[in-house]
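Each value in this text was obtained by applying a stated rule to the coordinates, not by laboratory testing. Because the structure is a prediction, the values reported are computed rather than measured. Neighbour counts run over all protein chains shown; Cβ positions are idealised from the backbone, glycine included.
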2 protein chains.
Amino acid sequence: MKLGDLGEFGFIARIRAAARPGPGLCLGIGDDCAVSEVPAGELLLTTTDMLLENVHFRRDWTSPRLLGRKSVAVNVSDIAAMGGDVRHLYLGLGVPVHVPVAELDELLAGVLEAAADYGADLAGGDTCVSPGPLVISVTAEGTIARDRVVQRSGARPGDAIYVSGTLGDSALALRELQAGRTPEPFLASRHHDPLARADLGRRLAGERLATAMIDVSDGLLADLGHLLWASACGAKIAGAALPLSPPFSAALAADPALFSLALGGGEDYELLFTAPPEAAAALVHLAAATGIPLSRIGTVVPAVDGVSVTDRSGHLLTELPSGHDHFRGRV
Amino acid sequence: MKLGDLGEFGFIARIRAAARPGPGLCLGIGDDCAVSEVPAGELLLTTTDMLLENVHFRRDWTSPRLLGRKSVAVNVSDIAAMGGDVRHLYLGLGVPVHVPVAELDELLAGVLEAAADYGADLAGGDTCVSPGPLVISVTAEGTIARDRVVQRSGARPGDAIYVSGTLGDSALALRELQAGRTPEPFLASRHHDPLARADLGRRLAGERLATAMIDVSDGLLADLGHLLWASACGAKIAGAALPLSPPFSAALAADPALFSLALGGGEDYELLFTAPPEAAAALVHLAAATGIPLSRIGTVVPAVDGVSVTDRSGHLLTELPSGHDHFRGRV
């Protein structure tokens, strides 16, 4: 069946039947707006991310289900980076008419699966036909206790800089795909099915361990730059401390130039945060409790000292890879 | 200047500088999420609408400023249809790289102008390059007192059916544009620069006058159908009572077939609502106070009686125009 047979309202009815609203939601899909409640004493967090076919994904490289999951994860990652709990998701879809309904059902299944993983409800959306690429626009709402919000701007000189998980995996997978090769399965999964660090972000905020936080979507150095700019600080980063996965390390051994992917590659969706030195023991405990490695990769310094990064041998890098910029250089 | 010269973060900095957050917003553009507050005793309303180039608009038929204004208005209209106050807007943009920055600045100016008109803040968004059409995805958040929400489902047999403003203007303008003609200025303005009935919706809810409400975006009969389906009711609609503007009436005099645009044409963004008979006097007063005509166009009947519509001479229509469906018939 094609979308043209089902019709817009048939498709919305299908989504509505599949999305069963949870307790936080007063009114879900099927009216002019979703109606929900923000618990007393909590603040609302809102973020939105657009995924465009042939820019953010290629339909021949991924599956509709993973694409649905990823569309949710990249938004949840932004909520996690403030320390919040994701509550509601809104799904905007622009669909080329030739896309089979079965493919949309799979995409929707992925969205709902990820929503359930993170404890969120699909609360609304908009669907329309697209004359060009498949367009997926997700908005996520979360909540957080008023005194627990972690902004990008809270880093202070002397704070340690940490990153969760490993870096560069997603960018290495993308590079393989772009070269026409099949990425190693772990790397492929990191690229196509990233997991937002929802629980970790909530605990870093809840236990007041992080002074500033951001998720790594544009690349370590680019996102560090955003955090430092907001905090009006500089940083020293030790390349030897960057956490690398075994498949990434294996590839790096064969091609040392790949190190730039750990510094500059996007879409790892790890949490990059700063913490005062006295939080070190609590962070070791948190890493053990969550099973997510937390690596100390550097130190916040005064803004006048700028940003310095060493390579894996401890030599200062004079040229830094830039992160992802959606517009630059595309004229 | 082209987007490629400015870069993604240059463009975001431009938006951030232009959008000055108001008092309801704790943290606007520039972190992973916007942070805001929902007043105690109020519920959160959220809606999202996507506008795609060559589906919802053509760049050669409108101006970037009006396009920005309309992107906001269509979302505010959904908040108004629940009776709420719009608070925050989130702007997702997928931009073809060849679009001049001056055009984006105009679009942004239109967004901010409309946001100010409706008392909302631009609180966040996402920008990326689009390989195809210009994509505009807006999410709006509003608030409403817990006991004032007006749903689609509250209509009861015996309620009167009202619509604000006039019908068919936007569809007639679109028809002229599609035929290569220049629409009459009032009609053109209704199509390119629709005004959401924000104050009217709020007052209909605040004074508990409406039992059910929806905005007319897909066409009168289609949106009436949504309302009746949610309310499990039928309706009798008197074609002679449909409110028509002078330019629409003039065109109708020359071509009686245009009446189907008043019944089926989309994008009027008027409010369609039901009210008990005893609200009639208060609605006359409200129309006078707001300067917005409120026309009684029919009556809610039991579901078993179905939906019947008469033409302007009072004869029952046997074939009803269907509203806009984004997918159907597009295979």
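A few comments on the model shown:
- The mean of 1/r over all distinct Cα pairs in the range A:126-185, once inverted, gives the Kirkwood hydrodynamic radius of 17.2 Å.
- Shortest-first nm distances, B:D311 label point to equivalent points in other copies (7 Å, Cα→Cβ): 8.3
- Helix-only [θ]222 nm of chain B, DSSP H runs n ≥ 4, -39500 (n - 2.57) each, per residue, nearest 500: -10500 deg cm²/dmol
- For chain A, with +1 on Lys and Arg beta carbons and -1 on Asp and Glu, the positive-most of A:G264, A:G30, A:G314 along the dipole: A:G314
- Compactness of chain B as Cα Rg over 2.2 N^0.38 Å, two decimals: 1.02
- Under the Debye formula (equal points on every Cα, no solvent term), log10 I(q)/I(0) of the range B:162-279 at q = 0.09, 0.12 Å⁻¹: -0.25, -0.44
- Cβ-placed point charges (K, R +1; D, E -1), dipole of the protein assembly as shown about Cα centre in debye, nearest 20: 100
- Kirkwood Rh in Å, taken over the range B:1-123 so that all alpha-carbon pairs contribute: 15.4
- Amide H contacts for A:F57 (H built 1.01 Å from N in the peptide plane; partners 5 or more residues away or on another chain; cut-off under 5 Å): A:L52.
- Options A:A102, A:H56, A:L244, ranked by Cα towards positive dipole end of chain A, top entry (Cβ charges): A:L244
- Put simply, the amide H of B:L122, placed in the peptide plane, has neighbours under 5 Å in B:L89, leaving out anything fewer than 5 places away on its chain.
- Proximal charge balance of B:V307 [Cβ under 14 Å; K/R count +1, D/E count -1]: -2
- Each residue of the range B:254-260 is assigned a 3J(HN,Hα), and the resulting list reads 7, 9, x, 5, 5, 4, 4 Hz, derived from the Karplus form 6.51 cos²θ - 1.76 cosθ + 1.60 (θ = phi - 60°), x at Gly and Pro.
- Beta carbon of chain B nearest to the axis of the rotation taking B to A, residue and angstrom distance: B:G132, 1
- Cβ-defined net charge surrounding A:S137, 12 Å radius [Lys, Arg +1; Asp, Glu -1]: -4
- Take B:D147, push a point 7 Å out from Cα through the beta-carbon direction, and compare it with the same point in every other copy: 3.3 nm, smallest first.
- Square roots of 5 times each gyration tensor eigenvalue, C-alpha, the range A:274-315, largest first, Å: 25, 15, 7
- Calculated over the protein assembly as shown: convex hull of Cα atoms, volume per residue (Å³): 150
- Radius of gyration (Cα atoms) of the range A:240-331, expressed as a multiple of 2.2 N^0.38 Å: 1.27.
- Label distances, nm, A:A250 versus same residue in remaining copies, Cβ-directed 7 Å point: 7.6
- Summed residue charge, Cβ within 12 Å of B:L252's Cβ, Lys/Arg positive, Asp/Glu negative: -2
- Cα-centre dipole for the range A:1-69 with unit charges at Cβ (Lys and Arg positive, Asp and Glu negative), debye to 20: 420
- Cα centre as origin, Lys/Arg/Asp/Glu Cβ charges: chain A dipole, Debye: 400
- With a Förster radius of 41 Å applied to the C-beta separation of A:A281 and A:A40, the computed FRET efficiency comes to 0.75.
- Rotationally averaged projected area of the range B:63-165 (alpha carbon convex hull; nm²): 8.5
- Placed amide H near A:V38: partners under 5 Å, 5+ positions off or other chain: B:L44
- Between helix A:280-290 and chain A: long-axis angle, C-alpha atoms, 0 to 90°, nearest 10: 30
- Among beta bridges that DSSP assigns inside chain B, antiparallel share in %, nearest 5: 75
- The angle between the Cα long axis of helix B:101-118 and the main principal axis of chain B comes to about 50°, on a 0 to 90 degree scale.
- The value given for the range B:106-149 is a Kirkwood hydrodynamic radius of 12.9 Å, derived from the mean inverse Cα-Cα separation.
- One Cα centroid belongs to the range A:214-284, the other to the range B:273-310; the line between them spans 61 Å.
- Of B:E207, B:E141, the sequence from fewest to most neighbouring Cβ atoms within 10 angstrom is B:E207, B:E141.
- FRET E, pair B:R208, A:N54, Förster distance 41 Å, beta-carbon r, rounded to 0.05: 0.25
- For A:289-302, mean number of other protein chain Cβ atoms within 10 Å: 0
- Angle of helix B:8-18 to the longest C-alpha principal axis of chain B, folded into 0 to 90 degrees and rounded to 10: 60°.
- Karplus-derived HN-Hα couplings along the range A:39-52 (A = 6.51, B = -1.76, C = 1.60, θ = phi - 60°), whole Hz, x at Gly and Pro: x, 4, x, 10, 9, 9, 10, 9, 8, 9, 9, 10, 10, 10
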